[in-house]
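Asker: My questions all concern the structure below.
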Amino acid sequence: MQEARYVWELPVRLSHWINVVAIVVLSVTGYYIGDPFASSGRGVPFMYWARLLHFCFGYLLLISVTVRAIYFIVGNQYASWRMFFPWATTKGRCNAKKFLKFYTFSGDTIPYEVGHNALACMAYAAVFTLYLVQIVSGFALYGQAAPGGLWDTVLGPIFPWVGNQTLRLTHHLTMYLLWGFVVNHLYSAWLMDVKEQNGTMSSMFGGYKYIDPEEL
């Protein structure tokens, strides 16, 4: 008999959905900033609104990632920073291999997990690294508009090591890597929801998954 278990706490769920919206808005506005394809003619130009939205959602992403980072420490066991290191144990590496085989249709058995599975945890570690790259590169570029300001002071020293155009290219290409993750994330979440029938998809709305204690 299944029992409801509170897995994803509210701040974790809010951070997840804020990141979703932020990625969409930042991608659309960022692409337009890099390659303007329309003009508003009279009135305030599209570029003004694109840059304003980009900067606002950049701050929103920074806040969201910071909140999630705090919950790596104070959150429950399913949100803990420890989930990022499944490869540190023999069991974690074994489970990651089984999930990889399952996702690629070369295996038919999977370990039962309540929270993130071992392979997903490794992917999330990479995603948060990409978030960090986007935040640092984005605010470093943003700081150039206000020499001597906060972001220019904090992140300006990056430029002698990484040129302006290299940083812009890194910022742009990382967007595509994040969208590659989004596609994989949707596929794997849907697959596990169908196979395990434990509310994987709905749990990111309500926080609860439905667990069969005998399978743990």
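Asker: Return the residue satisfying two criteria in turn: it lies in segment 133-168 and is exposed (fewer than 13 other Cβ atoms within 10 Å of the Cβ) and part of a helix (DSSP H, G or I), and of such residues it is nearest to the chain's Cα centre (by Cα).
Answerer: Thr166
Asker: If His116 passes every condition in (1) open to solvent by 20 Å² or more (accessible area, probe 1.4 Å); (2) over 16 Å from the mean Cα position of the chain (by Cα) but one, which one does it miss?
Answerer: Going through the list (1) open to solvent by 20 Å² or more (accessible area, probe 1.4 Å); (2) over 16 Å from the mean Cα position of the chain (by Cα), His116 breaks only (2).
Asker: Enumerate the pairs (first residue in segment 133-156 and charged (D, E, K, R); second residue anywhere and open to solvent by 30 Å² or more (accessible area, probe 1.4 Å) and assigned to a loop (DSSP other than H, G, I, E, B)) with beta-carbon separation below 8 Å, excluding pairs fewer than 6 apart on the same chain, so at least 6 apart or on different chains.
Answerer: Asp152/Gln144; Asp152/Ala146
Asker: So Asn19 ticks every box in (1) assigned to a helix (DSSP H, G or I); (2) open to solvent by 40 Å² or more (accessible area, probe 1.4 Å); (3) of a type outside the set (Gly, Ala, Ser) but one. Which box is left unticked?
Answerer: For Asn19, the exception is condition (2).
Asker: Starting from residues that are of a type in the set (Phe, Trp, Tyr) and more than 23 Å from Gly107 (Cβ to Cβ), keep the ones in segment 177-212 and report whichever is most open to solvent (accessible area, probe 1.4 Å).
Answerer: Phe205
Asker: Of the residues that make up segment 96-110, is at least one open to solvent by less than 50 Å² (accessible area, probe 1.4 Å), within 26 Å of Arg51 (Cβ to Cβ) and not aromatic (Phe, Trp, Tyr)?
Answerer: no
Asker: Quick one: is Phe72 out of contact with any Leu (no Cβ under 7 Å at 6 or more places or on another chain) and in a loop (DSSP other than H, G, I, E, B)?
Answerer: Spelling it out, it is not the case that Phe72 is out of contact with any Leu (no Cβ under 7 Å at 6 or more places or on another chain) and in a loop (DSSP other than H, G, I, E, B).
The values are calculated or read from the model by the stated rules, or taken from the named source; none is laboratory data. Treat the numbers as computed from the prediction; the structure is a model and nothing was measured. Cβ atoms come from the backbone with ideal geometry, glycine included; neighbour counts cover every protein chain shown. Side chains included, ligands, DNA and RNA excluded: accessible areas come from the protein's heavy atoms. Shrake-Rupley method; radii C 1.70, N 1.55, O 1.52, S 1.80 Å.
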